[in-house]
1. Where does each of 70, 163 land when they are ranked from fewest to most other beta-carbon atoms within 10 angstrom?
2. What is the ratio of the Cα radius of gyration of the range 304-393 to 2.2 N^0.38 Å, where N is its residue count, to two decimals?
3. Can you work out the Karplus-derived ³J(HN,Hα) for every residue in the range 70-87? Use 6.51 cos²θ - 1.76 cosθ + 1.60 with θ = phi - 60°, whole Hz, and x for glycine or proline.
4. Based on other C-beta atoms within 10 Å, arrange 400, 310, 253, 198 from fewest to most.
5. What is the diffusion coefficient of the range 106-164 in µm²/s, taking the Kirkwood radius over Cα pairs and the Stokes-Einstein relation at 25 °C with a viscosity of 0.890 mPa s?
6. Order by neighbour count: 212, 378, fewest other Cβ atoms within 10 Å first, most last.
7. Taking a spot 7 Å from the Cα of residue 243 along the direction of its beta carbon, which residues of the range 191-205 have an amide N less than 16 Å from it?
Amino acid sequence: MEEHTLLAHLDHNWLGDHMPQTLWGQIALGMALLLILVVLASWITSRVLTTITRRTLVAVGRDDWSSSLSHRRVFRNVSYAVPLLVVMSNIGLLPIDERLSGFLVRLFLSAGSVFLFMALNGVLSAWQDVYALSTRAQTRSIKGYLELGKIIMWAICLILVISIMVNRSPLLMLSGLGALSAVLLLVFKDTLLSLVASTQMTTNDMLRIGDWIEMPQAGADGFVIDIALHTVKVQNWDKTVTTVPTYKLFSESYRNWRYMFESGGRRIKRTLRIDASTVRFLTEAEINALSRFALLNDYLADKQKEIEESNNALGEWATMQGNRRRLTNLGTFRAYALAFLQQNKQLRQDMTMIVRMMEADSQGVPIEIYCFSADTAWVEYERIQGDIFDHLLAILPELSLRLYQAPSGSDLNRAIGHNAPHVVDQAALAAHSAQAMR
């Protein structure tokens, strides 16, 4: 077996005459030389190359990349990897056995490779940080693809390290993975499902960061704040965060409110339940009184003309009130509500606007207001909606209408209190009659 000694390396050099002849002396000298090389390589990497790289990025206007690479410890991991590779390539300076030397070479090469792959993963993380600050990140997320790239890198790193340590070709390791394909598919089932789902959602523009989604089966109702390979994070309205598996957003249904915001109109759909006992025909005096409302003036004039023509066509049948057409207070209210919506500048006039009467039930006659606000922001939307229904509720008594309301305990108490004197009078009369009979 050939002996690797420091003296053998310097046999034909003038320094060979000044080398220590003992083995331990040569080992100490070799360690000192390796330490000098490590310090020099570390200084060049961490100081010179890192400084040049940072200044170059700043000079080309990519200061965000410089700060992100520093934050993700890319430069530091490179400064760790280079000295390890320097030691590996100069391990022959130590006068040690060839088998030990080969083991140390493989060990330092593996460690250096791990740090290099950590630096590459840091570059991918820095890419995500820089991309998150761009405007495209609001519509397209690349975090899932970068996470997949990290998984692939760590898989390559693991295969490479194992092949280095066992001193075998990486191709042999890859060929051995074919027999484990079924196990790998089972282990990475969620990863594969999430990758397909993430690709489909990105390609079809199904989900973006900032979208408001509702997914009751997952307890999610809020804005999407993060889209990763395996999970999507949704910040609910109560500031809690729901984590939903990515593949569920592709395989299950959910509601996305993004298109509502893009349309510029937010739907208002509420019902006023009118007490059916207050619905009746309007008298001439009431019609004249309601004509003073600007929103009803034209409607009443046109409607009265139409009704008069219809009644004249009836001939002698028009003498009976049951045959004549007449205005109702409920129909007039629907016309007033529609006119009120049409003159409201805070509503979208180019979108559907309806005031319709729905099927009456035990809770009154439902009048549904259906329109779209011009402002989609939640606070402004609620203010616009509240102003509309405040006004419509307040105008009901002007048309002799009343909102239906189920009787409460106080209503029953008032009814009992109103009838109590009559009950007392009846009881007193009965007692007086009984006394007279005796």
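Taken together, the values in this text are just the output of simple stated rules run on the coordinates, not laboratory data. Small disclaimer: the values here were computed from a predicted structure and weren't measured. Here the Cβ positions follow ideal geometry from the backbone for every residue, glycine too, while neighbour counts run over all protein chains shown.
1. 70, 163
2. 1.47
3. Calculated HN-Hα couplings, in order: 5, 5, 8, 6, 5, 4, 5, 5, 5, 5, 7, 6, 4, x, 5, 5, 5, 4 Hz.
4. 253, 310, 400, 198
5. This corresponds to a translational diffusion coefficient of 195 µm²/s.
6. Arranged by neighbour count, lowest to highest, 212, 378 become 378, 212.
7. Correct set: 191, 194.
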